[in-house]
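K.L.:
The structure is given below, and queries will be raised subsequently.
The values are calculated or read from the model by the stated rules, or taken from the named source; none is laboratory data. Keep in mind that what you see is a predicted model, and the values were worked out from it rather than measured. Quick reminder, even Gly has a Cβ in these numbers, built from the backbone with ideal geometry, and neighbours come from all protein chains shown.
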Amino acid sequence: MKRLYLLTCLLAIATCPLFAQQGPVAQRRPPSSEQVTKFFEVMHLHDQMTTMLQTEQKQMNVIFTDMFNKEKPQATSEERTKFQNLINTVMGDLFASYPIDDVLRDMVPVYQNHLSESDLTQIIAFYASPVGQKVLKEMPVMTAEAMRVSYARLQPKIDEMMKKMDERIKAMAATEKAAPVSDTNSAAPESAHPKN
């Protein structure tokens, strides 16, 4: 699902430069539902969401399979097959029932609240053009490459943070181990009542 969120962010980024160049609009008319739907079609949003859901399903299958293998490393081939069939069924039902069309309909008012009819007309004109379609085609690849560049910068800091966390955890464990243990075998306190 994180990829669907990323896709929504990319759409926002893709549209900002086109309508941000326009000055304040005194008389603003929101786009119609049909115009927003046309924008979704030009952006191939339905197909992109479908592809991302399929990718997400595959990744979740891998994650759950790894978890199963760690929990049951001695599982038989029959058990592994049953588990894989279960995962395929559950994940298949989950993603197959994801209401893409309903989500897109719910998104229409968002664009109507933030863009005018004129804004969306220009945006559609750009993304319907050959250059616009090329941007859409290359955007996932460019985004992935940009994330790799960003991650390369971030990775050393992550490694340093993990090292510090490991050192702190070891120090906490050593302190706890060195702490004196209370004597559970000490004599019980004498009764407050005097013996006869």
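K.L.:
Give me the residue from region 26-77 that is of a type in the set (A, V, I, L, M) and surrounded by 16 or more Cβ atoms within 10 Å (Cβ to Cβ) and, out of that set, nearest to V135 (Cα to Cα).
P.N.:
For region 26-77, the residue satisfying everything is M43.
K.L.:
How do the helices (runs of 4 or more DSSP H) wholly within region 43-141 filter down when requiring 1 or more residues that are out of contact with any strand residue (DSSP E or B) (no Cβ under 9 Å at 6 or more places or on another chain) and more than 30 Å from P30 (Cα to Cα): which remain?
P.N.:
45-71, 77-96
K.L.:
For H114, indicate whether it is at positive phi and at pLDDT 85 or above.
P.N.:
Against the criterion (at positive phi and at pLDDT 85 or above), H114 does not qualify.
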